[in-house]
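This report refers to the structure that appears directly beneath it.
The values are calculated or read from the model by the stated rules, or taken from the named source; none is laboratory data. Predicted model, so just to flag it, every value in this text is computed and none were measured. Note: ideal-geometry Cβ built from the backbone for every residue, glycine included; neighbour counts use all protein chains shown.
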Amino acid sequence: MKQHILPALKLTFVCIVVFMGIYTLAIWGIAQAGPNKGQGETVTVNNKVVGYKLEGQNFTADNYFNSRPSAVGYNAAGSGGSNKGPSNPDYLKQVQDRVDSFLVHNPGVKKDDIPAELVTASGSGLDPDLSAKGALVQVARIAKARNISAEKINSIVAQQTQKPLLGMLGTEKINILQLNIELDKLK
């Protein structure tokens, strides 16, 4: 018994020192070299922090582009998905409720035209981006709410669309916080 317990205790002590001490300090040190010293990239408007660039936020007003739903209430401290499978009745009801709500706020849109990203949460629950299609399907609602031409809003969407890396790695995406900030700059 002594021959098993002593090595196990030594291994436990070594793991505690390495993973709780050395590894943690190494990651913290690397973060200090990054922008904002590892605290996240903040977005400021008029010298006021309005959000974080890489963290999804809840936009539900009709005069803003809606974000992707979050399974964790946009809480970065507890990121994660819902862990409900695609056949779970609670999950299916939640998605149907989101579809119904979207159709109420966007009456000119057909159910088949709603991108899945607008009614399903991402794996982290904090996805800050939408596809161009996810933004464009909302343009008519925003144009009506703000009394601005749809063409003007479409041009902002086009300006804010980030192309895939090297033209082929990833997909086109739009940061919703940045898009809504640009939308607020319109008069």
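Is it true that Thr161 is modelled with pLDDT of 90 or more and either within 20 Å of the chain's Cα centre (by Cα) or of a type in the set (Ser, Thr, Tyr) (or both)? Here the answer is yes, as Thr161 does meet what is asked.
Here Ser122 clears all of (1) at pLDDT below 90; (2) surrounded by fewer than 17 Cβ atoms within 10 Å (Cβ to Cβ); (3) not β-branched (Val, Ile, Thr) except the condition numbered (2).
Take Ala31 and decide whether it is surrounded by 11 or more Cβ atoms within 10 Å (Cβ to Cβ) and over 14 Å from the mean Cα position of the chain (by Cα). Considered against the rule, which asks whether it is surrounded by 11 or more Cβ atoms within 10 Å (Cβ to Cβ) and over 14 Å from the mean Cα position of the chain (by Cα), Ala31 comes out as yes. Note on the stretch 71-187: enclosed helices (runs of 4 or more DSSP H) holding 1 or more residues that are more than 27 Å from Leu54 (Cβ to Cβ), assigned by TED's automatic domain parsing to the domain that holds Thr44 and free of Cβ contacts under 8 Å to residues at least 40 places away in the same chain are 89-105, 139-146, 150-160. For the structure I just gave you, tell me whether Asn66 is surrounded by 10 or more Cβ atoms within 10 Å (Cβ to Cβ) and outside any helix (DSSP H, G or I). In short, yes.
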